[in-house]
Each structure stands twice: as structure tokens, then as C-alpha cells.
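Step one of this worksheet: look at the structure below.
The values are calculated or read from the model by the stated rules, or taken from the named source; none is laboratory data. On a predicted model such as this, the values are computed, not experimentally measured, just so you know. When we count neighbours, we look across all protein chains shown, and the Cβ atoms used for this are built from the backbone with ideal geometry, even at glycine. Just the protein is used for accessible areas: all its heavy atoms, side chains included, with ligands, DNA and RNA removed. Shrake-Rupley method; radii C 1.70, N 1.55, O 1.52, S 1.80 Å.
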Amino acid sequence: MDTKNKRILFIEDEEALRGAFGETFQRDGYTVFEASDGEDGMLIAKKELPDLILLDLILPKKSGFEVLKELRKNPDTKHIPVVVLTNLEGSEDVERALAYGATTYLVKANYSLDDLVAKIKSVLEHHSPAL
Amino acid sequence: MYMRILDSLNIKKQCAQYRVGLWQCPQFLFLIMGMIIIVAIAATNTLANRYVAPEIAALIVLALAGVLFVIGHMIVSAFDRVARSARSKSEFISIISHHLRAPLSAIKWQIDVLLPQNQSGRLQASESAKYLNAIRENNERMIFAVNDLLDVNRIEDNDIVLCPSAFSLVELSRGAVIKFSQLYPSRSFSLHIESEDITTMQVYADEEHIRRVIQHLMDNAACYSSEGSSIMVRIVPEEAFAKWSVADEGIGIPPQDQPRIFEKFFRAQNAARHQTGGLGIGLFVAKSLVKLSRGKIGFSSAPGKGSTFWFALPIVK
């Protein structure tokens with residue numbers, strides 16, 4: 001799949017992670033938007049309407065769960081696939097994120113950047129927005 | 001009140017809290033033990049009445065009931081302690097693994113970017129330095145987290161060795177203010193000493209422990225205040241104690257969270273929203289170390305205006 005026109009929003013409070021992610025995904029032809037907290041993430045999501053959102057759960061100002069709920073309520077953003085990317089792994093967190101409408105749930109520590117590129121590509125290929 | 005009583009009678013719910021099977025659950029075992037005691041008493045009563053005088057039979061039954069009840073209670077209490085401890089350890093491991101995994105996954109990604117095979121063009125020297133610095137910072141975060149967790153473990157096992165000596169709180173604080181001014185250049189740290197006498201005043205405690213207490217309290221002040229705000233360290237004599245305090249202009253602590261602020265792993269709601277990386281053990285460690293040095297610790301706080309944390313140590317005369 002041609003990823004040149006795909007636009008990804010990465011909502012993550014750790015600056016170094018955003019930098020490494022942006023470097024890798026831009027190298028692969030994606031356009032990357034970055035947000036360092038939940039409120040900023042929500043604003044960019046509504047303004048840019050990206051093709052995919054990568055969302056951390058522990059975020060300043062607005063948690064990832066709150067962002068996910070708002071994204072799913074908003075008619076403009078409810079079809080955007082949201083990949084939760086976090087270090088939380090408790091069954092309650094996974095179930096809650098999926099119940100709120102996360103497309104898939106990934107644990108950061110288990111993914112190298114190359115694995116993540118492959119996973120995102122696969123999500124973008126397989127995601128068919130509900131109409 | 002009634003709901004709590006009803007909840008305590010709901011054995012299935014109680015056992016689910018311990019995350020153990022029915023036969024390892026203290027409440028269920030207590031119920032079984034009660035039934036065994038009743039059967040044993042009834043059997044003893046029947047046999048005793050057949051072979052001895054009624055007064056002696058009654059005494060035997062009473063004595064047996066008492067002994068069985070005490071043994072039963074001891075067994076169930078022991079089970080309860082083991083189940084609580086297992087649950088607390090599992091929560092502890094879950095918190096540690098999350099807090100170690102955050103810097104570890106950051107390091108993994110930063111190394112990924114630095115690896116030559118992953119670079120489309122060569123990274124500029126400044127870019128490489130940025131990632132190497134981030135790796136070092138994350139490595140330090142892990143070292144701090146592990147040190148804090150080891151402290152918690154030692155405190156809980158009563159395994160802290162004290163090396164008390166007389167030292168100057170002012171000297172210790174001067175060093176800390178210089179260090180924190182470098183670590184947080186966007187905050188304005190100052191040390192306020194009201195009179196020259198305080199400079200020569202010495203306290204008696206474990207200096208290394210008090211250095212860690214100061215670090216935890218100053219780190220909190222910096223983490224939970226905004227850029228450009230001022231943080232003031234003050235030392236004043238108060239009867240037989242030297243009172244050290246750090247006042248910030250930060251987010252403060254909501255009144256409902258204040259009673260729990262020194263609890264292990266507790267983080268105030270606004271703190272978790274402001275700063276996501278905290279482990280919630282700095283204040284627990286600080287309080288434990290001050291108490292071990294026979295000192296006092298406390299705070300005052302107003303949400304949105306700031307907090308002042310203080311500790312007091314005995315002055316050497």
C-alpha cells in the first residue's frame with residue numbers, strides 16, 4: 001500500500017518517543033502530527049482528521065481513555081482507527097480501551113519501531129470505516 | 001453502614017477481592033471452621049453427657065469451644081495476612097513493571113533510530129546527541145526508580161541502617177539548591193536563612209537519608225509547579241528543632257487527597273494529570289526516613305496556589 005499520503009497523529013507525552021516515532025514514520029513516507037497531551041491531541045485530531053491515531057493512555061490534562069471516548073462521540077472523528085500504544089497491560093485497561101472503541105491495543109515495550117511500522121501499515125490496510 | 005455489613009457477609013465478593021480460590025479464601029475458611037466447631041461441640045456434648053456428670057460435661061464443651069475458636073481465628077487471621085500480602089506484592093510488581101517499562105521502551109526506540117540500518121540519510125551530530133542524551137536521561141530515570149523501590153522495600157522490612165552524625169542542614173540545602181537550579185533551569189530556587197546563627201546550627205541525623213528527603217521534597221516542588229515559578233527553601237529554628245521547608249507556587253493538593261498524601265503509591269488526582277511519570281513513593285520514603293531520624297514531617301497546601309512541605313530535626317546543643 002502506498003503510505004505517502006497517509007497522515008498519522010501520535011498523542012504521547014514523552015518527547016523522546018515522539019521524536020523517534022516521527023523520524024521513523026516520516027522516513028517511510030507518512031505525514032506525522034504530534035501532540036504532547038490529551039487536550040492538544042483532541043484539537044489536532046478534529047482539525048487535521050488524520051487517517052490513523054496512535055494514542056498513549058497516561059497523558060497530562062486529558063487521559064487517553066477520555067480522548068478515546070471523545071473521538072468516538074464526535075461524528076467527524078468516530079471512524080478514524082485509533083491504535084492504543086501504552087505500557088499499561090492490565091486486563092481492565094485493555095477491556096476498557098476496546099470497549100471505548102480502540103481499533104487495537106499495543107504494548108510499547110513489545111514493539112520495535114520497525115514492528116510498529118508493519119503493524120500500522122496492516123491496520124491502515126485492513127481498516128474499513130463503518131458507514 | 002448496612003451495605004458494609006452486607007458486603008462483609010457476601011463471601012463470594014470478599015474472596016474475589018483476594019483473587020484466590022474458594023479453599024484459599026480466609027472468609028470461606030472461617031465459615032467452614034465455624035461449622036466444624038459447631039459439629040465438634042455437639043459431638044463432645046453428646047459423648048460427655050453419656051459418660052460424665054452434666055456440670056463437667058458443660059465445662060468440657062465450653063473449654064473445647066474456646067480452644068477451637070482461638071485456633072480457628074489464628075489460622076484464618078494468618079491466611080488473611082498471607083492473602084493481603086500476596087495481593088499487595090502483585091500490585092507492587094504491576095506498578096514497578098509499568099514504571100520500568102516506560103523508560104525501557106523509550107530507550108529501545110531511541111536505539112532503533114540511532115542504528116545505521118534504520119537511517120535513511122545519516123543523522124546529524126546534533127540529532128544523534130539528542131537521542132543519546134534522551135537514552136542517558138531514561139537510564140537515570142530507571143536508576144532513580146529502582147533506588148526508590150529498594151528504599152520502600154527496606155523501609156517495609158525494617159532493614160534501614162542508620163548512621164547518624166551532626167551536620168549542617170544549611171550546607172546540605174545549599175548543595176541541593178545548586179543541583180536543582182541546574183536540573184530545572186526554568187524554576188527559580190532560593191535558600192532563605194533568617195539569621196547567621198542558623199548557618200552554624202547542626203542537626204543530628206543520618207545525613208545521607210536527609211539528603212534523599214530534601215531531594216524528594218524539592219523534586220516534587222519542581223515537578224508540580226510551572227515554568228518561571230519560584231521555589232523557596234527556608235531553615236528556621238523552632239524550640240529544640242531545626243525546621244526545613246520548601247514552598248512552591250504549584251498546583252497544590254486537593255483537600256480530599258491531603259490525608260493520603262504520604263501513603264505509598266498514592267498520587268493526588270491533579271498530580272497524575274500534571275505529571276504522568278511519578279511513582280507515588282517519594283513522600284512515603286521521605287516521611288519514613290524523617291521518622292527514623294526521630295524528626296517530624298508535614299505540609300500545608302492550597303489547590304492552585306502551591307504547597308509547603310517541611311521537616312524538623314533535633315538540633316545538636
Sequence-distant aspartates and glutamates (8 or more away, or on other chains) whose Cα lies within less than 13 Å of A:Lys46: A:Glu70, A:Asp76
Extension reserve of the B:Asn139-B:Lys305 stretch, reckoned as 0.36 nm per residue once the Cα distance is removed: 56.4 nm
Residues of the stretch B:281-296 with amide N under 17 Å of a point placed 7 Å along Cα→Cβ from B:Lys179: B:282-283, B:285-287, B:289-290
Where GluC sites (Glu not before Pro) fall in DSSP loop in the stretch B:215-317, at most 11 other Cβ within 10 Å: B:Glu227, B:Glu239
Sequence of B:Ser288, B:Ser181 when ordered by accessible area, the most exposed leading, probe 1.4 angstrom: B:Ser181, B:Ser288
Among B:His216, B:Ser181, B:His99 - extreme Cα towards positive end, dipole of the protein assembly as shown, charges at beta-carbon: B:His99
For A:Leu52, residues with placed amide H under 5 Å, excluding near neighbours: A:Arg7, A:Leu9
Inter-chain shielding of A:81-94 (mean C-beta neighbours from other protein chains, 10 Å cut-off): 2
In nm, spacing of pseudo-spin labels at B:Ser126 and B:Ser94 (7 Å Cα→C-beta vector): 4.5
B:Lys317 versus A:His79: modelled label distance in nm, points set 7 Å from Cα along the beta carbon direction: 8.2
Distance between modelled label sites at A:Arg72 and B:Cys163, nm, 7 Å Cα→Cβ extension: 5.6
Shielding by other protein chains, A:9-20, mean Cβ within 10 Å: 5
Of A:Lys78/B:Lys108; A:Lys6/A:Lys119; A:Lys6/A:Lys73; B:Lys13/B:Lys89; A:Lys62/B:Lys305; A:Lys62/B:Lys287, those spanning more than 25 Å from alpha-carbon to alpha-carbon: A:Lys78/B:Lys108; A:Lys62/B:Lys287
Karplus 3J(HN,Hα) series, Hz, for the stretch A:102-115 with 6.51 cos²θ - 1.76 cosθ + 1.60 (x for Gly, Pro): 5, 6, 8, 10, 10, 9, 3, 4, 8, 10, 7, 5, 5, 4
Note, ³J(HN,Hα) from phi for the stretch B:211-221, Karplus 6.51, -1.76, 1.60, rounded to Hz, x at Gly and Pro: 4, 5, 4, 4, 4, 4, 5, 6, 5, 4, 4
Stretch gain in nm, segment A:Ser112-A:Asp28, where the contour uses 0.36 nm per residue and the Cα spacing is subtracted: 28.8 nm
Exercise: per-residue mean of other protein chain Cβ atoms within 10 Å, B:99-105: 5
Solvent exposure, largest accessible area first (probe 1.4 Å, DNA, RNA and ligands not counted), of A:Tyr105, A:Tyr30: A:Tyr105, A:Tyr30
Largest to smallest accessible area among B:Tyr204, A:Tyr100 [probe 1.4 Å]: B:Tyr204, A:Tyr100
